[in-house]
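One structure is given here, and the rest of the page talks about it.
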Amino acid sequence: MSDEKTAAPPPEPVQPAPPAQSAQPAPPVEPERIGIEDFAKVQMRVGQVLEAEKVEGSRKLVKMKVDLGTEVRQVVAGIAESYDPATLINRKVVIVANLKPARLMGIESNGMVVAATAPGGRAVLATFAEDVPNGSLLR
């Protein structure tokens with residue numbers, strides 16, 4: 001009998017998965033139309049969803065109460081076909097905070113949730129991989 005142990009071969013390096021290929025190519029980037037001073041006018045903040053419910057009579061709209069750190073705002077977003085309102089509670093989202101209020105189906109919205117459009121038109125919320133304080137300014 002030998003006291004030597006057979007070493008296991010080293011594990012294979014893990015290769016990152018290739019980027020997902022969408023069925024439809026992304027739309028082309030539009031030519032430059034705004035300057036940095038225009039972009040600087042848009043105030044995006046981190047918000048945490050405290051409450052969320054579908055808007056009665058609408059297939060697309062969700063009404064949310066969002067904590068922006070210094071205040072809680074009501075925001076209406078067209079994401080109901082992509083997200084069950086219960087899954088939004090406590091989620092951190094990006095809010096455009098300095099838009100003029102708008103009325104959607106008679107409900108006042110005081111901001112806009114930022115989302116991408118995935119293949120098939122599904123909304124995908126802009127969110128964070130790490131914890132960020134409510135009200136933090138995006139730049």
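The values are calculated or read from the model by the stated rules, or taken from the named source; none is laboratory data. This structure is a prediction, so every number in the text was calculated from the model and none was measured. We place every Cβ from the backbone using ideal geometry, glycine too, and count neighbours over all the protein chains shown. Heavy atoms of the whole protein, side chains included, go into the accessibility calculation; ligands, DNA and RNA do not. Shrake-Rupley method; radii C 1.70, N 1.55, O 1.52, S 1.80 Å.
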_I'm trying to understand the selection: among the residues of region 53-74, which are charged (D, E, K, R) and within 18 Å of residue 105 (Cβ to Cβ)?_
53, 54, 56, 59, 60, 63, 65, 73
*Hey, can you tell me all the residues within region 32-47 that are small (Gly, Ala, Ser), under 22 Å from the mean Cα position of the chain (by Cα) and open to solvent by less than 60 Å² (accessible area, probe 1.4 Å)?*
47
*Report yes if some residue within region 91-114 is touching a residue at least 24 places away in the same chain (Cβ under 8 Å), open to solvent by 80 Å² or more (accessible area, probe 1.4 Å) and not in a loop (DSSP other than H, G, I, E, B); otherwise report no.*
yes
*asked:* Pairs needed: first member in region 42-69, under 12 Å from residue 135 (Cα atoms) and in a loop (DSSP other than H, G, I, E, B); second member anywhere, open to solvent by less than 20 Å² (accessible area, probe 1.4 Å) and of a type in the set (Gly, Ala, Ser); C-beta distance under 7 Å; at least 6 residues apart or different chains.
replied: 43/97; 68/47; 68/97; 68/135; 69/135
*How many of the residues making up region 68-88 are touching a Gly at 6+ places or on another chain (Cβ under 7 Å), surrounded by fewer than 18 Cβ atoms within 10 Å (Cβ to Cβ) and at negative phi?*
1
*asked:* From the list 76, 114, exactly one residue is farther than 16 Å from residue 54 by Cα, of a type outside the set (Gly, Ala, Ser) and in contact with a strand residue (DSSP E or B) (Cβ under 6 Å, 6 or more places away or on another chain). Which is it?
replied: 114
